[in-house]
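I have placed the structure first, in the form of structure tokens, so that the comments after it can refer back to it.
Only the coordinates and a few stated rules stand behind these numbers; no lab work does. Nothing here was measured: the structure is a model prediction, and the numbers come from that model. Counting neighbours? That spans all protein chains shown, and the Cβs are built from the backbone with ideal geometry, glycine included.
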Amino acid sequence: MSGICKRLDENVAGMEAFPDRAAAWTGEGVVEAVKIIEHTRMPLFEDMIKQLKDYPELKEILRSILFEGASIPFNDYNDVLNLAKMFDYIKSVSGRVEVSNRIFEVVLYDYFLSEEAVGNATNRDAELNRSQFISDGRLDMEALLCKFAEHYSCVYADNDQRFVEKYARKIFLLYLKPVINGTGNYYIEAQTRDAKRTDIVVDYRGEQFVVETKIWYGPKYNEDGERQLCEYLEQLHLEKGYMLTFSFNRNKKTGVRQTVVGDKQLWEITV
């Protein structure tokens, strides 16, 4: 928290969008401060990445938690987990391993994604089409998701179910990251991150977008997902949300569907 306050005073206040301290000390200013911290090379982050290289087991545990929603039990006799907890990289919540804070989470996401970004077809496609998704300084999330669905059907449609279930969220983040990089930010809502669904919250120039990524488990589960997304949108005071569904149903209907649930507008993209 002190690091965020420091960035608010020293870096955010005085920017074009935040001309003074009053403008900086706002929700938008905090988002900007966090973005600066996440993209600043500092010893704390360097040490954390070094630990991942020194302890491949820890790296794999964190990767599976972040991208697959794995539930890893914390064990006091596991030397690697105890070391990570001592350095405050992770914490034990109800006996399960979690990354200790949201900033560490995003730094780890970015690091893991960077390992695969070079030469990756998904990352390259997003880079080439980035201009289609930014209009008058605003992010067109509908256009981004529709283009992602098109890319996915060309590159990943023939992969087996196990592969996609494991890597689906990573594939989308590899597409999202180069589009918002340098201007926007994202984080994963920890309360919804599990093997079945994940809410990705994107901040771009003061606008927020919630994209729920999930695996298709039938109509009832889809209805539950719609309701849960609407509840989360209500918490964030948003009127529109997005559902990106990865389906293995042979009779699935791929494409884009707009629907209204309560007072919320949902864009549902099925691939």
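Near the amide H of GLU212, within less than 5 Å, lie the amide hydrogens of ILE200, TYR242, MET243, LEU244, all on another chain or at least 5 residues away, with H placed in the peptide plane.
Antiparallel beta bridges, as assigned by DSSP with both residues in the stretch 217-271, represent about 55 percent of the total such bridges.
The simple spin-label model puts a point 7 Å past each Cα toward its Cβ; for ASP76 and GLU234 those points are separated by 4.1 nm. In this label model, TYR221 and ILE4 are separated by 3.4 nm, measuring between points 7 Å along each Cα→Cβ vector. For the stretch 103-122 versus the stretch 40-81, the inter-centroid distance based on Cα atoms is 15 Å. Amide H contacts of PHE74: ARG96, VAL97, each under 5 Å away and 5 or more positions distant or on a separate chain (H built 1.01 Å from N in the peptide plane; Pro and chain starts excluded). The overall shape of the chain is oblate: from the C-alpha gyration tensor, with semi-axes ordered a ≥ b ≥ c, the ratio a/c is 1.5 or greater and a/b is no larger than b/c. Applying the Karplus relation 6.51 cos²θ - 1.76 cosθ + 1.60 with θ = phi - 60° to the stretch 50-55 yields 3J(HN,Hα) values of 4, 4, 5, 5, 6, 10 Hz, where x marks Gly and Pro.
Taking amide H positions as modeled 1.01 Å from N, with prolines and chain starts lacking one, the residues under 5 Å from ILE134 and 5 or more places away or on another chain are ASP140. FRET efficiency for the ARG102 to LYS50 pair, using the beta carbon distance and R₀ = 25 Å, is estimated at 0.75.
Among the listed pairs LYS177/LYS220; LYS85/LYS166; LYS35/LYS240; LYS59/LYS147; LYS35/LYS177; LYS214/LYS240, those whose Cα-Cα separation exceeds 22 Å are LYS177/LYS220; LYS85/LYS166; LYS35/LYS240; LYS59/LYS147.
If the chain linking ARG41 and ARG205 were pulled fully straight, counting 0.36 nm for each residue of separation and taking away their Cα-Cα distance, it would gain 56.8 nm. Taking label positions 7 Å along the Cα-Cβ direction at both ALA121 and GLU142, the computed distance is 2.9 nm, reported to one decimal.
In a reduced charge model with +1 at each Lys and Arg Cβ and -1 at each Asp and Glu Cβ, the stretch 12-59 shows a dipole moment near 140 debye about its Cα centre.
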